[in-house]
Amino acid sequence: TEQQIEYFRVIKGAVRRIKRMSTDILSLERLQDDKALPQDIVSLGALLQSVVDDYLEESRQRDQQITLILGDGNYYVTGDQGQLGEAIGNLLNNAIHYTPNGGRISARVLDQETCLAVEIEDNGYGIPDGDQARLFEPFYRVKTKETRGIAGTGLGLYLVKRIVERHGGRVAFRSVYGFGSTFGFCLPRLLT
């Protein structure tokens, strides 16, 4: 019946939220336990391309357009490819969920001379000024009239910050409520 289908939809959503929270908590635990410095050579362009490919179907379901800008450089850093992919995935996932259907998202790698940057920009809901100082705190979630129904753990940006700092980088963002946000990070370039 229609009622049973609705029950199934609610249960499925709850299972997704539990799975996401479990994954986030396990990622935090892994970061705390792993004392070794990441040593892989990671191509930020190839990694960004791979993460965007993973999220294309979800963005298509929301009629969102993702533009990928990779530039023409060889953008390499030293790090843990899995962790950096997780950080980019959290930023892209947020952009998709906090941008209305039909919105636009841009994912890019930039050479900023002192470091290499990954940025995810959207034309979504944006973040009120009063909430911006707490964005990277664990379990903190911005609640506005537009975002009240969006599920999440409040750990995604905290995880991004921890991963980026572990790699010797820094996170950055800018946001205007009602116009969108840009989240990203800058990592030391691999000197060859």
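The values are calculated or read from the model by the stated rules, or taken from the named source; none is laboratory data. Just so it is clear, the model here is predicted, and its values are computed rather than measured. With ideal geometry, Cβ positions are generated from the backbone for all residues, glycine too; neighbour counts draw on all protein chains shown. What goes into the accessible areas is simple: the full protein's heavy atoms, side chains included, and nothing from ligands, DNA or RNA. Shrake-Rupley method; radii C 1.70, N 1.55, O 1.52, S 1.80 Å.
Measuring spread by the Cα atoms of the range 75-188 yields a radius of gyration and Dmax of 13.7, 41 Å. What fraction, in whole percent, of alpha-carbon pairs in the range 34-112 exceed 20 Å separation? Percent of Cα pairs beyond 20 Å in the range 34-112: 36.
Simple rule: put +1 on each Lys or Arg Cβ and -1 on each Asp or Glu Cβ in the range 47-192, find the dipole, and look at H167, L135, T99; the Cα lying farthest toward the positive end is L135.
Compute, for the chain, the length of the dipole vector about the Cα centre, with Cβ point charges of +1 (Lys, Arg) and -1 (Asp, Glu) only. Units Debye, rounded to 20.
Details: 23 positive and 25 negative charges, 123 e Å.
I would put it at about 600 debye.
What whole-number value in Å² describes the accessible area per residue of the range 51-192 for a 1.4 Å probe? Numbers along the way, then the final one.
Values: 6990 Å² over 142 residues.
I get 49 Å² per residue for the range 51-192.
At a Förster radius of 22 Å, what calculated FRET efficiency corresponds to the Cβ-Cβ distance of R174 and K145, to the nearest 0.05? If you can, show how the numbers build up before the last one.
Working: r = 22 Å, r/R0 = 0.99.
That gives a FRET efficiency of 0.50.
If we sort 43-52, 72-81, 140-149, 85-94 on the protection proxy, mean other Cβ atoms within 10 Å, highest first, what's the order? Provide the component values of the computation, followed by the final result.
Details: 43-52: 19.5, 72-81: 17.7, 140-149: 13.4, 85-94: 22.4.
Listed from highest to lowest mean packing, they are 85-94, 43-52, 72-81, 140-149.
For the chain, the equivalent ellipsoid derived from the alpha-carbon gyration tensor has semi-axes of 28, 19, 17 Å in decreasing order. Placing +1 on the Cβ of each Lys and Arg and -1 on the Cβ of each Asp and Glu in the chain, which of G126, I41, N74 has its Cα farthest towards the positive end of the resulting dipole? Toward the positive end, the furthest listed residue is G126. Within the accessible area of the chain, the carbon and sulfur atoms contribute 52%, probe 1.4 Å, all protein chains present.
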